[in-house]
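Before any comments, here is the structure.
The values are calculated or read from the model by the stated rules, or taken from the named source; none is laboratory data. Bear in mind that the values here come from a model prediction, so they are computed numbers and not experimental data. With ideal geometry, Cβ positions are generated from the backbone for all residues, glycine too; neighbour counts draw on all protein chains shown. All accessible areas refer to the heavy atoms of the entire protein, side chains included, with ligands and DNA or RNA removed. Shrake-Rupley method; radii C 1.70, N 1.55, O 1.52, S 1.80 Å.
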Amino acid sequence: MSLKSAPKAKSEPSQPETASRPIALLQWYDRHRRRLPWRAAPGEASDPYCVWLSEIMLQQTTVKAVGPYFEKFVARWPDVTALGSASLDDVLRMWAGLGYYSRARNLYACAVAVTREHGGSFPDTEESLRALPGIGPYTAAAIAAIAFDRHTMPVDGNIERVVSRLFAVEEELPQAKSLIQQLAATLLANSRAGDSAQALMDLGASICTPKKPACSLCPFSADCTARALGTQETFPRKAPKKSGTLRRGAAFVVTRGGELLVRSRPEKGLLGGMTEVPGSDWLAGQEDATAKGQAPAMKGLSRWQRKVGVVTHVFTHFPLELVVYTAKAEARTRAPEGMRWVPIATLSGEALPNVMRKVIAHALAPASGRSS
DNA sequence: GAAACGTGGAA
DNA sequence: TTTCCAAGTTT
């Protein structure tokens with residue numbers, strides 16, 4: 001640790017000691033840091049692979065959701081080279097359920113690039129990291145700071161919140177990003193850049209929360225402009241986001257004994273490359289009849305049974321409502337072009353996004369009602 | 001710069 | 001129930 005000796009505390013007026021913020025932050029961190037599966041123990045060196053893998057998984061995703069996925073990945077692929085030698089399908093299957101599936105493709109592409117172009121070791125500068133797939137400005141800075149102790153401050157949603165409150169930044173996001181970046185950099189200690197960043201993230205996650213921040217426990221409590229104003233919860237400023245129009249569609253669940261008819265979605269776009277049951281387009285204002293018209297044309301099929309109720313799912317940019325039709329296929333019925341049969345028993349290992357798991361659960365459940 | 005891109009949990 | 005959001009990146 002390179003903490004300076006405590007500032008002479010004598011009869012200083014209680015003016016914030018700006019220069020000591022990074023020190024106060026690290027002191028708080030040393031007492032209150034979270035234990036996380038991907039985090040090195042105090043004094044231990046970080047594993048760049050673990051740092052990278054966790055950072056990718058944590059993009060727009062909660063610590064709680066990431067935990068099991070991180071453990072699964074590390075157990076199966078202990079290092080970048082192992083991951084780079086896997087198949088994309090295996091990676092997508094392991095990622096299924098975590099969301100934002102382009103991350104899984106980029107994760108794999110990045111592992112391949114590190115393996116083949118960097119000899120299996122992550123590059124250690126922000127710029128070279130930034131050039132890798134799936135690594136943007138935040139993640140490049142985070143890896144550089146946490147794994148390689150580079151003097152840089154990554155700015156994520158937590159840090160935006162802490163900093164915008166500490167300095168009462170009135171400008172709205174995302175326009176305020178540049179200003180917040182500059183202000184956040186003033187909180188970097190001369191050494192321990194990675195700890196400075198993680199300290200700010202922990203502070204944002206556990207103390208300086210979006211709602212009801214625990215200001216009394218904050219190392220910056222006496223120093224925080226928003227807190228002094230009593231306006232903590234109003235930061236960061238941002239424009240309200242719009243919800244998106246409801247889209248409707250139909251899903252077709254065809255079984256052949258203990259097997260289910262599935263196909264893969266196009267590699268680009270929503271749920272790219274993931275497995276799905278055949279279905280109609282998902283369109284705003286679409287009628288059920290229109291959607292049903294897009295059922296797969298197959299011989300040897302029973303009548304379509306419309307399941308009572310609908311499956312609803314909410315994506316980031318639109319809500320979706322799916323009606324579900326089921327049908328049974330005779331033994332040895334061929335799967336239509338581009339589709340395949342998979343055993344229902346092995347569905348848990350498929351690259352099925354959660355919306356499709358809902359559809360299948362709804363279709364296979366005894367007649368009842370809705371599903372959410 | 002705006003829009004696309006998943007999911008589940010908390011208030 | 002509804003709204004907001006969680007360690008952002010890509011196009």
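Answer yes or no as to whether residue A:267 is acidic (Asp, Glu), within 16 Å of DNA strand B (Cβ to nearest atom) and open to solvent by 60 Å² or more (accessible area, probe 1.4 Å).
yes
Return yes when residue A:76 is within 14 Å of DNA strand C (Cβ to nearest atom) and either in contact with a helix residue (DSSP H, G or I) (Cβ under 9 Å, 6 or more places away or on another chain) or not polar (S, T, N, Q) (or both) and no when it is not.
So residue A:76 fails the test.
Is it the case that the range A:272-283 has a residue that's over 27 Å from residue A:88 (Cβ atoms), out of contact with any helix residue (DSSP H, G or I) (no Cβ under 7 Å at 6 or more places or on another chain), touching a residue at least 24 places away in the same chain (Cβ under 8 Å) and surrounded by fewer than 19 Cβ atoms within 10 Å (Cβ to Cβ)?
Yes, the conditions are met somewhere in the range A:272-283.
When the residues of the range A:59-98 are narrowed to those that are small (Gly, Ala, Ser), near DNA strand B (Cβ under 9 Å from one of its atoms) and surrounded by fewer than 18 Cβ atoms within 10 Å (Cβ to Cβ), which ends up farthest from residue A:270 (Cα to Cα)?
Step by step, filter the range A:59-98, then rank; the result is A:65.
How many residues, within the range A:190-211, are within 21 Å of the chain's Cα centre (by Cα), of a type in the set (Ser, Thr, Tyr) and in a loop (DSSP other than H, G, I, E, B)?
Of the residues in that region, 1 qualify.
Of everything in the range A:219-247, what is without any contact (Cβ under 8 Å) to a residue 60 or more places away in the chain and open to solvent by less than 30 Å² (accessible area, probe 1.4 Å)? Give them in sequence order.
Of everything in the range A:219-247, just one residue is without any contact (Cβ under 8 Å) to a residue 60 or more places away in the chain and open to solvent by less than 30 Å² (accessible area, probe 1.4 Å), namely A:224.
Return yes or no: is residue A:308 open to solvent by 50 Å² or more (accessible area, probe 1.4 Å), within 18 Å of residue A:359 (Cβ to Cβ) and away from DNA strand B (no atom under 14 Å from the Cβ)?
yes
Name every residue in the range A:166-189 that is of a type in the set (D, E, K, R) and not in a helix (DSSP H, G or I), in order of residue number.
Matches in the range A:166-189: A:170, A:171, A:172.
Just checking, how many residues over the range A:170-195 are within 16 Å of DNA strand B (Cβ to nearest atom) and either open to solvent by 10 Å² or more (accessible area, probe 1.4 Å) or outside the structural domain of residue A:48 (by TED's automatic domain parsing) (or both)?
Total meeting the criteria: 10.
Output the residues belonging to the range A:262-277 that are more than 14 Å from DNA strand C (Cβ to nearest atom), assigned to a loop (DSSP other than H, G, I, E, B) and more than 20 Å from the chain's Cα centre (by Cα).
A:265, A:277
With the condition kept exactly as written, say whether any residue in the range A:320-343 is more than 16 Å from DNA strand C (Cβ to nearest atom) and under 16 Å from residue A:96 (Cβ atoms).
Looking through the range A:320-343, at least one residue is more than 16 Å from DNA strand C (Cβ to nearest atom) and under 16 Å from residue A:96 (Cβ atoms).
Considering only residues that are of a type in the set (Asp, Glu) and assigned to a loop (DSSP other than H, G, I, E, B), look in the range A:315-372 and name the one that is most open to solvent (accessible area, probe 1.4 Å).
Once the filter is applied, the top-ranked residue is A:337.
Scan the range A:174-193 and report the pairs whose first residue is farther than 20 Å from residue A:24 by Cβ and whose second residue is open to solvent by less than 70 Å² (accessible area, probe 1.4 Å), with Cβ atoms within less than 6 Å and a gap of 6+ or a chain change.
As it stands, the answer is A:176/A:169; A:181/A:155, since those pairs meet every condition given.
Provide a single number: the residues in the range A:196-218 that are small (Gly, Ala, Ser) and surrounded by fewer than 15 Cβ atoms within 10 Å (Cβ to Cβ).
Count: 2.
Please count how many residues of the range A:234-257 are modelled with pLDDT of 95 or more and either touching a Pro at 6+ places or on another chain (Cβ under 6 Å) or in a helix (DSSP H, G or I) (or both).
The number of residues fulfilling the criteria is 1.
Can residue A:262 be described as exposed (fewer than 13 other Cβ atoms within 10 Å of the Cβ) and either modelled with pLDDT under 95 or within 16 Å of DNA strand B (Cβ to nearest atom) (or both)?
Against the criterion (exposed (fewer than 13 other Cβ atoms within 10 Å of the Cβ) and either modelled with pLDDT under 95 or within 16 Å of DNA strand B (Cβ to nearest atom) (or both)), residue A:262 does not qualify.
Just to check your reading of the model, which residue among A:364, A:347 is more than 11 Å from DNA strand B (Cβ to nearest atom), under 30 Å from the mean Cα position of the chain (by Cα), in contact (Cβ under 8 Å) with a residue 60 or more places away in the chain and over 28 Å from residue A:284 (Cα atoms)?
Exactly one of A:364, A:347 is more than 11 Å from DNA strand B (Cβ to nearest atom), under 30 Å from the mean Cα position of the chain (by Cα), in contact (Cβ under 8 Å) with a residue 60 or more places away in the chain and over 28 Å from residue A:284 (Cα atoms), namely A:347.
Between a first residue in the range A:61-76 that is farther than 15 Å from residue A:107 by Cα and a second residue that is away from DNA strand B (no atom under 16 Å from the Cβ) and outside any helix (DSSP H, G or I), which pairs have beta carbons less than 7 Å apart while being 6 or more apart in sequence or on different chains?
A:63/A:36; A:67/A:37; A:71/A:37
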